[in-house]
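A short write-up of the structure that comes next.
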């Protein structure tokens, strides 16, 4: 692990007209070490639920989906590890992965009309964005990131 600071970004992917942007947290590998970096996200949809995804060798340059990068925070280097290919993603190698694995991905929050309750109820639809807000809050609470990360996250296009 490194003692230098590391930049952490939100990647916002255009999901198409009428759909919310897909958000993922991205930490580039140390400058010059290799291309790409670590991507942490909640994959899925409100009808089926979401699963945590960790890709330690994600390269945004190879991404075909339209996306933008937004600086979220600068963190102490010792909180991030650039793991090798053999390390399983179910075993956290750093604080970011440990906290991500402890932040449950949203379960199914929408149901079809045929599954409706007798009396309609207001629901809160969970998605990758709501998960990232909870995840970043946990990173702030554990002092991995500063409070300003929440303000920067709130400014990312939805």
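The values are calculated or read from the model by the stated rules, or taken from the named source; none is laboratory data. For clarity, every value in this text was computed on a predicted model and none was experimentally measured. Positions of Cβ are generated from backbone atoms using ideal geometry, with glycine treated the same way; all protein chains shown enter the neighbour counts.
Consider segment 28-75 and keep the residues that are in contact with a strand residue (DSSP E or B) (Cβ under 6 Å, 6 or more places away or on another chain) and over 21 Å from residue 100 (Cα atoms). The one that is surrounded by the fewest Cβ atoms within 10 Å (Cβ to Cβ) is 65.
Residues that are within 20 Å of residue 133 (Cα to Cα) and either in a strand (DSSP E or B) or modelled with pLDDT of 95 or more (or both) within segment 29-52 comprise 38, 39, 40, 41, 42, 43, 44, 45, 49, 50, 51, 52, listed in sequence order. Collect the residues in segment 1-28 that are assigned to a strand (DSSP E or B) and free of Cβ contacts under 8 Å to residues at least 40 places away in the same chain, keeping them in residue-number order. Across segment 1-28, the qualifying residue is only 28.
Before we move on, is residue 84 surrounded by fewer than 13 Cβ atoms within 10 Å (Cβ to Cβ) and either farther than 23 Å from residue 157 by Cβ or touching a residue at least 12 places away in the same chain (Cβ under 8 Å) (or both)? Break it down stepwise before answering.
Working: surrounded by fewer than 13 Cβ atoms within 10 Å (Cβ to Cβ): yes; either farther than 23 Å from residue 157 by Cβ or touching a residue at least 12 places away in the same chain (Cβ under 8 Å) (or both): yes.
In short, yes.
Those helices (runs of 4 or more DSSP H) of segment 80-158 in which 2 or more residues are at pLDDT 95 or above and closer than 19 Å to residue 37 by Cα occupy 95-102, 128-141. Selection of first residues in segment 51-79 that are over 12 Å from residue 27 (Cβ atoms) and of second residues that are at pLDDT below 95 and assigned to a helix (DSSP H, G or I), restricted to Cβ pairs under 8 Å at least 6 apart or on distinct chains, gives the following pairs, ordered by first then second residue: 67/60.
Answer with yes or no whether residue 46 is touching a residue at least 24 places away in the same chain (Cβ under 8 Å) and touching a helix residue (DSSP H, G or I) at 6+ places or on another chain (Cβ under 7 Å). So residue 46 fails the test.
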